[in-house]
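J.: After the structure tokens below, expect a handful of questions from me.
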Amino acid sequence: MQAIEEAALQCPHCDEPITLLLDLSGGTQAYVEDCQVCCQPIHVSLWIDHANDDYHVDLRREQD
């Protein structure tokens, strides 16, 4: 697994496709990033699965 991963995802506000750069070297994390299309804040939750050399991303609107 690379330290920086590019993930193609979907904005929970406008449902448009977006691309996020994920820093996998920081371990499990949560942060807010603005949508590249509609500029609404997205709560990003990133879980690192070291056992399977994988990761999982959850995108939510801040009010959810």
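J.: Checking VAL32 against (1) touching a Leu at 6+ places or on another chain (Cβ under 9 Å); (2) at pLDDT 95 or above, which test does it fail?
T.: Exception for VAL32: condition (1).
J.: Can you tell me how many residues in region 35-45 are more than 13 Å from the chain's Cα centre (by Cα) and either modelled with pLDDT under 95 or open to solvent by 60 Å² or more (accessible area, probe 1.4 Å) (or both)?
T.: Residues that pass the stated criteria total 3.
J.: Among the residues of region 21-33, what is the count of those that are open to solvent by less than 60 Å² (accessible area, probe 1.4 Å) and either among the aliphatic types (A, V, I, L, M) or more than 21 Å from GLN63 (Cα to Cα) (or both)?
T.: Total meeting the criteria: 4.
J.: Taking the condition of being modelled with pLDDT under 95 and outside any strand (DSSP E or B), how many residues in region 1-29 meet it?
T.: Within region 1-29, residues that are modelled with pLDDT under 95 and outside any strand (DSSP E or B) number 8.
J.: For region 1-20, enumerate the residues that are surrounded by 10 or more Cβ atoms within 10 Å (Cβ to Cβ) and either under 11 Å from TYR55 (Cβ atoms) or of a type in the set (A, V, I, L, M, F, W, C) (or both).
T.: MET1, GLU5, ALA7, LEU9, CYS11, CYS14, ILE18, LEU20
J.: OK, next. Report, ordered by the first and then the second residue, all pairs with beta carbons closer than 8 Å, sequence separation of six or more or different chains, a first member in region 1-28 that is closer than 15 Å to PRO41 by Cβ, and a second member that is assigned to a loop (DSSP other than H, G, I, E, B) and at pLDDT below 95.
T.: If the second residue must be assigned to a loop (DSSP other than H, G, I, E, B) and at pLDDT below 95, the pairs left are PRO12/ASP64.
J.: Check ILE48 against each of (1) open to solvent by less than 90 Å² (accessible area, probe 1.4 Å); (2) over 11 Å from the mean Cα position of the chain (by Cα); (3) at pLDDT 95 or above and name the one condition it does not meet.
T.: Exception for ILE48: condition (3).
The values are calculated or read from the model by the stated rules, or taken from the named source; none is laboratory data. For clarity, every value in this text was computed on a predicted model and none was experimentally measured. Virtual Cβ from ideal backbone geometry, glycine too; neighbours counted across all protein chains shown. Calculation scope for accessible area: heavy atoms of the full protein, side chains included, ligands and nucleic acids excluded. Shrake-Rupley method; radii C 1.70, N 1.55, O 1.52, S 1.80 Å.
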